[in-house]
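Everything below concerns the one structure shown next.
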Amino acid sequence: MDIAADVVIVGAGIAGLTTSLGLYRLGVKSIVLESWDSLRSTGFALTLWTNAWRALDAVGVGDSLRQQHFQIQGAVVLSSISGLATSETSFHAKGNHEVRCIKRKKLLEALAKELPTGTIRLSSKVVSIEESGFFKLVHLSDGTILKTKVLIGCDGVNSVVAKWLGFKKPTFTGRYAIAGFTESKDSHGYGTKSIQFFESGVRFGCRPCDDKTLHWYYTWVPSSQDKELQDNPATLKQFVISKVEKLPAQLRAIIESTEPDGFMSYRLAYRRPWELLWGNINKSNVCVAGDAFHPMTPDIGQGGGAALEDGVVLARCVAEALLKEPSEEAKEEGDEDKEQHERIEMGLNKYAKERRWRAFELITTSYFAGYVQQSEGKIMSFLREKFLASYLRGLLLKRADFDCGRLNFS
């Protein structure tokens, strides 16, 4: 079965759904292909900073998500020696930042429900991409072929589209993470602040999503024995508890109360920043966004925000190219497809130019933050607690103070 579409987006994650919704708001329909049989909510929750909320407002779903999640008022860093607070930052005192830890499933559902029925095609796995004149042919595992003017890869760290563009697989950092998610029947009483704890090469953090839900994470450099823990939730729980002995009892209780299905372990990978400078973010009428473009470590909590920014900018650039009327000269010579293809190339070049350095600085900052936060040794621990924690917090807020702009391109 052959299907024609102006825009085909591979991947119904944050970047893919944001791009599709942005295009729809501007009057351009798209098809979103998702290889799973449902929307992926892997990862439980994610932190969205000021820049991300500006992007969500641009596509019109910010307010609905605000109503379901706490606004985090600040961040506290605990000492690895005493367990007491060594630094505290108010997000309002530093420029009135908006920070919330939101449930990933809620975010995807909020984006998806605004799209026309039939936009998202589940169980649609891309197996190959073929060139056909000014179009791309996207071949699916079920034999379906989609003919499209624009192909956008939002298919994550193992992106088929990124591979077609020539990108290598993301690089493993040597670090692992365990994420936890817990819901209580009554209010958890945790408050509205984010807490972080560093000790001997490990990092623990916890943030509230709402009055009953907490999201926590733990990152570390594993030994060969640790790598065998990944598929055993019960072992993961005991492992984390044993590594954060100086954590206050209230925080240890959060880990202990996490149910087996509330654990997830994964490797931390990133794209080397210089690959963005020399690689093909776009080529002809194909481009990438989100983790397919700039996978990064979670150390500054900007992976989701960057994907939202991508979606807004990309929708703006693509819609401008597709909605412009052909010139009289192109009509007379029958070159409408050629002219539109050239506009699409220009639009994707504009997108790549706008997003390349932004992605570069986010990947670089995140990697640097992870290195500082998890480096071992007494000297590094002293510097981290006395000086670097507040410096990194300021750098994080600086990266969050970004506006990808509105959708309209006129």
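The values are calculated or read from the model by the stated rules, or taken from the named source; none is laboratory data. Just so we're clear, the structure is a prediction, and the values are computed from it rather than from any experiment. Positions of Cβ are generated from backbone atoms using ideal geometry, with glycine treated the same way; all protein chains shown enter the neighbour counts. Surface areas here come from the heavy atoms of the whole protein model, side chains and all, with no ligands, DNA or RNA. Shrake-Rupley method; radii C 1.70, N 1.55, O 1.52, S 1.80 Å.
Quick look at the values:
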quantity: Rounded to the nearest 10 Å², the accessible area of TRP49 at probe 1.4 Å; calculated: 10 Å²
quantity: Solvent-accessible heavy-atom area per residue, rounded to whole Å², over the chain at 1.4 Å; calculated: 44 Å²
quantity: For VAL288, distant residues with modelled amide H under 5 Å away; calculated: GLY153
quantity: Whole-number percent relative contact order across region 1-53, with pairs defined as alpha carbons under 8 Å at least 6 apart; calculated: 37 percent
quantity: Amide H contacts under 5 Å for ARG175, placed H, 5+ residues apart; calculated: LEU268
quantity: Solvent-free Debye scattering, log10 I(q)/I(0), computed from the Cα coordinates of the chain at q = 0.10, 0.11 Å⁻¹; calculated: -0.68, -0.81
quantity: Sequence-separation-based contact order of the chain, relative, with Cα cut under 8 Å and 6+ spacing, percent; calculated: 23 percent
quantity: At 0.890 mPa s and 25 °C, Stokes D of region 97-170 from Kirkwood alpha-carbon radius, µm² per second; calculated: 165 µm²/s
quantity: With every protein chain in place, the chain: carbon and sulfur % of accessible area (1.4 Å); calculated: 50 percent
quantity: Using θ = phi - 60° and Karplus 6.51 cos²θ - 1.76 cosθ + 1.60, couplings along region 3-18 (whole Hz; Gly, Pro as x); calculated: 10, 9, 8, 5, 9, 10, 10, 9, x, 9, x, 4, 5, x, 6, 5
quantity: Listed pairs LYS125/LYS168; LYS163/LYS243; LYS29/LYS283 exceeding 29 Å between Cα atoms; calculated: LYS163/LYS243
quantity: For region 339-354, Karplus couplings with θ = phi - 60° (6.51, -1.76, 1.60), whole Hz, Gly/Pro x; calculated: 5, 5, 4, 5, 5, 4, 4, 5, x, 6, 5, 5, 4, 4, 5, 6
quantity: Candidate lysines for bridging to LYS331, where Cα separation is under 21 Å - those fewer than 8 sequence places away on the same chain excluded; calculated: LYS149
quantity: In nm, spacing of pseudo-spin labels at GLN67 and LYS246 (7 Å Cα→C-beta vector); calculated: 4.5 nm
quantity: Accessible surface ranking that places the most exposed of ASP403, ASP211 first, with a 1.4 angstrom probe; calculated: ASP403, ASP211
